[in-house]
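Structure record follows, encoded as structure tokens.
The values are calculated or read from the model by the stated rules, or taken from the named source; none is laboratory data. Because the structure is a prediction, the values reported are computed rather than measured. Positions of Cβ are generated from backbone atoms using ideal geometry, with glycine treated the same way; all protein chains shown enter the neighbour counts. For accessibility, only protein heavy atoms count, side chains too; no ligands or nucleic acids. Shrake-Rupley method; radii C 1.70, N 1.55, O 1.52, S 1.80 Å.
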Amino acid sequence: MPKDLRTDPELASRPSFHFTFEGHPVLAYAGETVATALWAAGLRILRHGPGDGGPRGLFCTMGLCQECVVSIDGQATEACRFPATEGLDVRAGR
Ligand code: FES
């Protein structure tokens, strides 16, 4: 994993926890979305397009484009709209 890319020092005062992405632990802070935590961890490719197989990731960050759809505990979900919580099993979207 690359270094943590967060820049807001206030986050350190919030409770932190981990969920997993493709089985690897990802640090998150209370109030972050799954997408925010993945971005902060340097994880930019969240799925591959069904047509060309090209990499897909965050684009609109407000639930409009569907580019960030991943599997969260087995359900296809927009990572940018889903609050991060301890123990989530997040997988690349299909
Ligand atoms: S980044 Fe567009 S819906 Fe999540």
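See the values below:
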{"read-out": "Residue, modelled with the lowest pLDDT, within region 1-14, restricted to residues that are part of a loop (DSSP other than H, G, I, E, B) and open to solvent by 90 Å² or more (accessible area, probe 1.4 Å)", "value": "1"}
{"read-out": "Residue 35 at pLDDT 95 or above, at negative phi and open to solvent by 30 Å² or more (accessible area, probe 1.4 Å)", "value": "no"}
{"read-out": "Residue check, residue 42 at positive phi and either within 16 Å of the ligand (Cβ to nearest atom) or open to solvent by 20 Å² or more (accessible area, probe 1.4 Å) (or both)", "value": "yes"}
{"read-out": "In region 47-69, the residues that are in contact with a strand residue (DSSP E or B) (Cβ under 7 Å, 6 or more places away or on another chain) and closer than 18 Å to residue 22 by Cα", "value": "47, 48, 49, 55, 56, 67, 68, 69"}
{"read-out": "Qualifying residues in region 16-50 (those that are assigned to a helix (DSSP H, G or I) and out of contact with any Pro (no Cβ under 8 Å at 6 or more places or on another chain)) - the one nearest to residue 77 (Cα to Cα)", "value": "35"}
{"read-out": "All positions within region 67-94 that are open to solvent by 40 Å² or more (accessible area, probe 1.4 Å), more than 14 Å from the ligand (Cβ to nearest atom) and either of a type in the set (A, V, I, L, M) or not in a loop (DSSP other than H, G, I, E, B) (or both)", "value": "75, 89, 91"}
{"read-out": "Hits in region 26-60 - residues which are β-branched (Val, Ile, Thr) and out of contact with any Phe, Trp or Tyr (no Cβ under 7 Å at 6 or more places or on another chain)", "value": "36, 45"}
{"read-out": "All positions within region 46-66 that are open to solvent by less than 50 Å² (accessible area, probe 1.4 Å) and more than 6 Å from the ligand (Cβ to nearest atom)", "value": "46, 47, 49, 53, 54, 57"}
{"read-out": "Inter-residue pairs, beta-carbon under 7 Å, first in contact (Cβ under 8 Å) with a residue 60 or more places away in the chain and in region 2-17, second open to solvent by 70 Å² or more (accessible area, probe 1.4 Å), 6+ apart", "value": "17/86"}
{"read-out": "Restricting region 45-63 to residues that are in contact with a Cys (Cβ under 9 Å, 6 or more places away or on another chain) and without any contact (Cβ under 8 Å) to a residue 24 or more places away in the chain, the residue that is nearest to residue 31 (Cα to Cα)", "value": "62"}
